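What follows is one structure encoded as structure tokens, with my remarks underneath.
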Amino acid sequence: MTDHTAPASAPLPRPCRLSVRSVGAGYGSGSTARAVLQDVSLDIPDGALTILVGPNGCGKSTLLKTMARILPASSGAVLLDGRPIHATPSRNVARRLAILPQGPVAPEGLTVRELVGQGRFPHQTLLRQMSRDDRRAIDAAMAAADVAQFADSPVSRLSGGQRQRCWIAMVLAQETDIILLDEPTTFLDLKVQVDLLVLLRRIAHRDGRTLVVVLHELNLAAAFADLLVMMKDGRIVAQGAVDATFTPQTLQDVFGLRARVLRDPDSGRAICAPVIDVPQAMAAQ
Amino acid sequence: MTGAALPRHGRAASVAPAAGLALLVLAFLWHISVGAKTIPLPVVARAILAYDPEIFDHLVVIDLRVPRAVSAVLVGAALSVAGALMQGVTRNPLAEPGLLGLLIGASFAVVLVVGVLDLAAPGLIPLVAAAGALAAAAVVWGIALAAPGGPAPLTLVLSGAAVSAFLGALVTIASLLDEETFDQLRVWMTGSLAGPDRAVTLWALPWLLGGLVVALGLARQMTALAMGDEVAAGLGLNVGRLKALALAAVVALTAASVAMAGPLGFVGLVVPHGVRLFAGQDYRLVLPWSAIAGAAYLLVVDVAARLVLAPVEISTGLVTALLGAPIFVWLVKRRL
Ligand SMILES: Nc1ncnc2c1ncn2[C@@H]1O[C@H](COP(=O)(O)OP(=O)(O)O)[C@@H](O)[C@H]1O
Ligand SMILES: [Mg+2]
């Protein structure tokens, strides 16, 4: 389907199949219209893990949904393989790009296999349902997300982390080259978050898929991002490699957070440590 | 693991359609055999397969009883499929043509046009019923949208109850104004398969079959929609068009049912939830099974309506309500 065979050593700038060009977007229409995104431009590098961070309500989910054509752009364009995504037939897009929205809820009683099977929707037609190819993709996705052992249990009976992995399996079963995930680690234990990000990085680096992930946890974002994008008030404030973007200055600008950026002594990874004011009286004691 | 290739309900579902259809045929024959005079099942079968107008029992079967049984099959299937669709689109386990006011909306419109305006053209009745169902659905949805918290499951049901009470009062007032016409409508208004008007049934048939075909065609997309608008849109579904088509199917199915049998409450609630217990959540199974099970359910309910207080016959709609209300309570306790 695609002829995007990257050269052995990718030269800069990296090839990119998904890009955002001066996009504005928002909610409502007429008198209740509310702009959220303003003039956002972003090139998503192929085969890499792009992580999007920013304070609550800054428009991360809005950007992800606009990039995935499930929200219209009021200005500018999102290009998928060079063509405006909003003008491309939706099912056609769904074979190349998958999105997991924030906080999805599975219908009660739906089994893991049935949920993951929904990812095959864009590959099926009324007359051609559930082929051998579909079953192979579903099994592979469940294995990759490590949920195969729950295949026949209802999703609603699993723990938060297991449930989140089921949704990721659904998106993987879609077998798209580009995957957008909105806060897939929220409400999970730190250990489960790390495991999930290891999985996502493997999907990007080993399978060559393109991932864009909205994350809440700054230190995890810094540890895993190939490209780190920081948003504030509907705009992109900083984007680039972690070393360039994850600085006390940007943390102050974007989050209003006074923090020092330290280095992990073993790996050299950046870690942010908030500066906590100690009241004078207590400091004196 | 030998069952690895099939979902949890897969094996049961692949064997069961034949069994389900067999039970449906049995319920159909039983329904016909029961009545003022019991006609043995073999005679019923012979009357259908080798009709002989010389035999009185054959006449009774073909002229009187088969039409009623066919109505039960059609209406049961239509209301159940409509309920299943509504539950999927609204993601509300309590959604159902009766509870959300569509049945009373359709009935009110028919009463208005037939009883008050004296227009009784059979071709008009399903159309009028559809307009009434659609208008009631819009009002119920509008009230729920304006409520704090939006159209939550119980909010929708409350809104449906308010609209139903209001329209029910209007129907009662109308019936006081014109007692003669309403004597004929009274039985129909409680939901009855007793006297299916053949002309109305024929005019309702295209609505009913059209609704069923559209509903079954949407089955695969309904499962995806059940996971939320955004997930569904991400999978390439046109969510707006899908909901509009589902609404059209629900309105057509409700209109046809009301035209044929008046308002039969709770069928659209009881049957799809019963079906989900064994068929799971995939609408590719839920919708066809709702059609089969709904048909069988209404046949059995109609048998009960005629047997329980025999020789007095009670309205089928009273029996569906008697059976449905406890199940509604159970659902509220368990699913909300
Ligand atoms: N469906 C919606 N309708 C109206 N406003 C919305 C909707 N979703 C989000 N918003 C508003 O848009 C802004 C950005 O939201 P969002 O993109 O969800 O932020 P983030 O994901 O960064 O927390 C917020 O002010 C939010 O209130
Ligand atoms: Mg968000």
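Table for the structure above
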item: Carbon and sulfur %, accessible surface of the protein assembly as shown computed with the full protein complex present, 1.4 Å; result: 63 percent
item: Average accessible area per residue (Å²) across chain A - probe 1.4 Å, nucleic acids and ligands excluded; result: 47 Å²
item: Theoretical ellipticity at 222 nm over chain B - DSSP helices of four or more residues, -39500 (n - 2.57) apiece, nearest 500; result: -24000 deg cm²/dmol
item: Chain A: DSSP helices with Cα axial extent of at least 15 Å and average Kyte-Doolittle hydropathy no lower than 0.5; result: A:190-205
item: Dimensionless Rg over Rh [region A:186-281; C-alpha; Kirkwood]; result: 1.00
item: Check: region B:118-230 dipole with +1 on Lys, Arg Cβ and -1 on Asp, Glu Cβ, in debye; result: 360 debye
item: For chain A, diffusion coefficient by Stokes-Einstein and Kirkwood Rh (Cα), 37 °C, 0.692 mPa s, µm²/s; result: 163 µm²/s
item: Simple Cβ-charge dipole of region B:17-335, Lys/Arg +1 and Asp/Glu -1, about Cα centre, in debye nearest 20; result: 1040 debye
item: Sequence-distant aspartates and glutamates (8 or more away, or on other chains) whose Cα lies within less than 16 Å of A:Lys65; result: A:Asp39, A:Asp43, A:Asp182, A:Glu183, B:Asp229, B:Glu230
item: Delta accessible area of at least 20 Å² on complex formation, residues of region A:65-95, 1.4 Å probe, chain isolated as reference; result: A:Lys65, A:Ile70, A:Ser90, A:Arg91
item: Accessible area of region B:17-335 divided out per residue, in Å², using a probe of 1.4 angstrom; result: 41 Å²
item: B:Val157 accessible area, 1.4 Å probe, all protein chains in place, Å² to nearest 10; result: 20 Å²
item: Area accessible to solvent at A:Cys272, 1.4 Å probe radius, in Å²; result: 10 Å²
item: Candidate lysines for bridging to A:Lys60, where Cα separation is under 30 Å - those fewer than 8 sequence places away on the same chain excluded; result: A:Lys191, A:Lys232, B:Lys243
item: Area buried, chain A against chain B - accessible surface, total, 1.4 angstrom probe, square angstrom; result: 2500 Å²
item: Among B:Val113, B:Val44, B:Val61 - extreme Cα towards positive end, dipole of region B:44-127, charges at beta-carbon; result: B:Val113
item: Normalised alpha carbon radius of gyration of the protein assembly as shown [divisor 2.2 N^0.38 Å]; result: 1.17
item: √(5λ) per eigenvalue of the Cα gyration tensor, chain B, largest first, Å; result: 31, 27, 17
item: Shielding score for A:146-152, defined as the mean number of other chain Cβ atoms within 10 Å; result: 2
item: Percentage relative contact order, chain A, counting C-alpha pairs under 8 Å, at least six apart; result: 22 percent
item: Per-residue ³J(HN,Hα) for region B:34-46, Karplus 6.51 cos²θ - 1.76 cosθ + 1.60, θ = phi - 60°, Hz, x for Gly and Pro; result: 7, x, 3, 10, 6, 10, x, 3, x, 5, 4, 4, 5
item: Dimensions in Å of region B:234-296 - Rg and Dmax from alpha carbons; result: 13.5, 41
item: For chain A, calculated [θ]222 nm from helices alone, where every DSSP H run of n ≥ 4 adds -39500 (n - 2.57); result: -8500 deg cm²/dmol
item: Accessible area, probe 1.4 Å, largest first, for residues A:Met130, B:Met260; result: A:Met130, B:Met260
item: Diffusion constant of region B:189-336 at 37 °C, which comes from Stokes-Einstein with the Kirkwood Cα-pair radius and 0.692 mPa s, µm²/s; result: 197 µm²/s
item: Order of exposure, largest accessible area first, which applies to B:Ile143, B:Ile62 with probe 1.4 Å; result: B:Ile143, B:Ile62
item: Enclosed volume per residue, in Å³, of the convex hull spanned by Cα atoms of region B:129-207; result: 120 Å³
item: Alpha carbon Rg of region A:79-137, scaled by the compact-globule rule 2.2 N^0.38 Å; result: 1.33
item: Dimensions (Å) - region B:169-274, Cα atoms, principal axes, largest first; result: 57, 29, 27
item: Relative contact order (percent, whole number), chain B, Cα cutoff 8 Å, 6+ residue spacing; result: 29 percent
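The values are calculated or read from the model by the stated rules, or taken from the named source; none is laboratory data. Predicted, not measured: the structure shown is a model, and the values here were computed from it. Note that each Cβ is placed from the backbone with ideal geometry, even for glycine, and that neighbours are counted across all protein chains shown. Keep in mind that these areas ignore ligands, DNA and RNA; they rest on the heavy atoms of the full protein, side chains included. Shrake-Rupley method; radii C 1.70, N 1.55, O 1.52, S 1.80 Å.
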